[in-house]
Every structure is written in structure tokens, then in C-alpha cells.
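Here is the structure we will look at, set down as C-alpha cells.
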Amino acid sequence: MYQKDGVRELDRQECLRLLATARVGRIVHTRHALPAVLPVPFCLDADFAVVVRTSAESQLAVAIDRVVVAFQADEVDPAVHSGWSVVVTGRATVVTDAAEYGRLRRTGPRSWRASRHDIFFRIEPELVTGSELGAWPLVHEARRTS
């Protein structure tokens with residue numbers, strides 16, 4: 001806890017509850033031996049894995065297949081100096097099961113760019129951390145609505 005900085009650590013359940021309310025996040029991966037960050041649409045699956053949809057021909061697909069990545073989503077209101085940030089760290093794997101792929105095409109995140117060769121990545125939540133910034137009403141509101 002960093003109370004003097006206006007930051008409070010969130011537990012895993014609070015993090016997952018808040019993460020489920022976001023629709024855009026950022027994948028942090030390595031590109032040319034340097035950190036790279038890319039915004040992506042996503043959803044949180046029933047087992048709390050982060051699901052990302054992208055083109056099979058994208059550079060992202062090549063960069064993150066079977067490697068450990070970080071995924072971050074947040075909501076910040078600069079006007080009132082408060083918000084939250086959640087980071088999920090885990091291995092990204094391509095969904096290869098036909099039934100799961102079909103389910104995700106119907107219920108998963110929508111692509112920002114139409115592609116006939118979309119694939120889905122699952123990021124298994126091995127480490128989930130989060131912080132509440134500034135005032136504390138966001139987590140309390142999330143608790144009331146879930």
C-alpha cells in the first residue's frame with residue numbers, strides 16, 4: 001500500500017472484477033529485444049483468461065505465440081485524480097480447439113479490423129496485480145454491481 005502516493009493495492013478478486021468491465025487493454029511483449037506495447041480489444045473468459053483477437057498474419061501473432069506476456073487494462077479519470085490499473089502476466093497461446101474457436105468467434109472480442117484469418121490468444125492469468133489510484137470509490141462501486 002502506498003497511501004501517501006494515493007495508491008492502494010488490489011487483491012486478485014478485485015482486479016478480475018475490474019478487468020471484466022474494460023474492453024481495451026495493452027499487450028506488453030518483446031519486439032527486437034525491446035519492450036513493445038500494443039492496444040487490443042479483449043474479453044475476460046469464464047475461467048478468467050484474457051482473450052485477444054488478432055489477425056494470424058499480424059506481427060503481434062508471431063511475437064506472442066507461446067511466450068510470457070503482460071496484459072494491462074485501466075480506467076483513469078484525470079479530472080478527479082482516481083482510477084484503477086490491472087496487470088495480468090501469463091503465457092499467451094493460440095486457441096486451436098475448433099469448438100473453442102467457434103465459441104470465441106460468437107462471444108469473444110470483436111476485431112478492430114476485419115480479417116478472414118483471425119485467431120484468438122488466451123493469456124492464462126499466472127500473476128494478477130492491480131492498484132487503485134486516488135480516491136477509492138471505483139472498487140467499492142465494482143463490488144456493488146457484481
What does the accessible area of residue 133 come to, in Å² to the nearest 10, when a probe of 1.4 Å is used?
50 Å²
With the dipole of the chain defined by +1 on each Lys or Arg Cβ and -1 on each Asp or Glu Cβ, the option from 111, 90, 127 whose Cα lies farthest towards the positive pole is 111
Within the chain, which is the longest segment containing none of the GluC sites (Glu not before Pro) that sit in a DSSP loop and have at most 15 other Cβ atoms within 10 Å?
58-125
Accessible carbon and sulfur surface of the chain relative to its total accessible area, %, 1.4 Å:
56 percent
Directionally averaged shadow of region 41-86, computed from the convex hull of its alpha-carbon atoms, nm²:
4.6 nm²
Theoretical FRET efficiency, 1/(1+(r/R0)^6), r = Cβ-Cβ of residue 48 and residue 79, R0 35 Å, to 0.05:
0.70
Separation between the residue 65 and residue 31 pseudo-spin-labels, each 7 Å from Cα along Cα→Cβ, expressed in nm?
1.8 nm
Across region 36-53, in residue order, what do the Karplus-derived ³J(HN,Hα) couplings come to in whole Hz, using 6.51 cos²θ - 1.76 cosθ + 1.60 with θ = phi - 60° and x for Gly and Pro?
10, 10, 9, x, 8, x, 7, 9, 9, 7, 4, 8, 6, 6, 7, 10, 10, 10
Cβ-Cβ FRET estimate between residue 58 and residue 21, R0 fixed at 25 Å, reported to 0.05:
0.45
Got a sec to turn the phi values of region 12-24 into Karplus ³J(HN,Hα) couplings, 6.51 cos²θ - 1.76 cosθ + 1.60 with θ = phi - 60°, whole Hz, x for Gly and Pro?
4, 5, 4, 4, 5, 4, 5, 4, 5, 8, 8, 10, 10
One would report the Cα pair-distance distribution of the chain, bin width 5 Å, in %, as 2, 10, 19, 21, 18, 14, 9, 5, 2, 0, 0
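The values are calculated or read from the model by the stated rules, or taken from the named source; none is laboratory data. Not measured: the values here are computed from a predicted model. A quick note on method: Cβ atoms are made from the backbone with ideal geometry, for glycine too, and the neighbour counts reach across all protein chains shown. All accessible areas refer to the heavy atoms of the entire protein, side chains included, with ligands and DNA or RNA removed. Shrake-Rupley method; radii C 1.70, N 1.55, O 1.52, S 1.80 Å.
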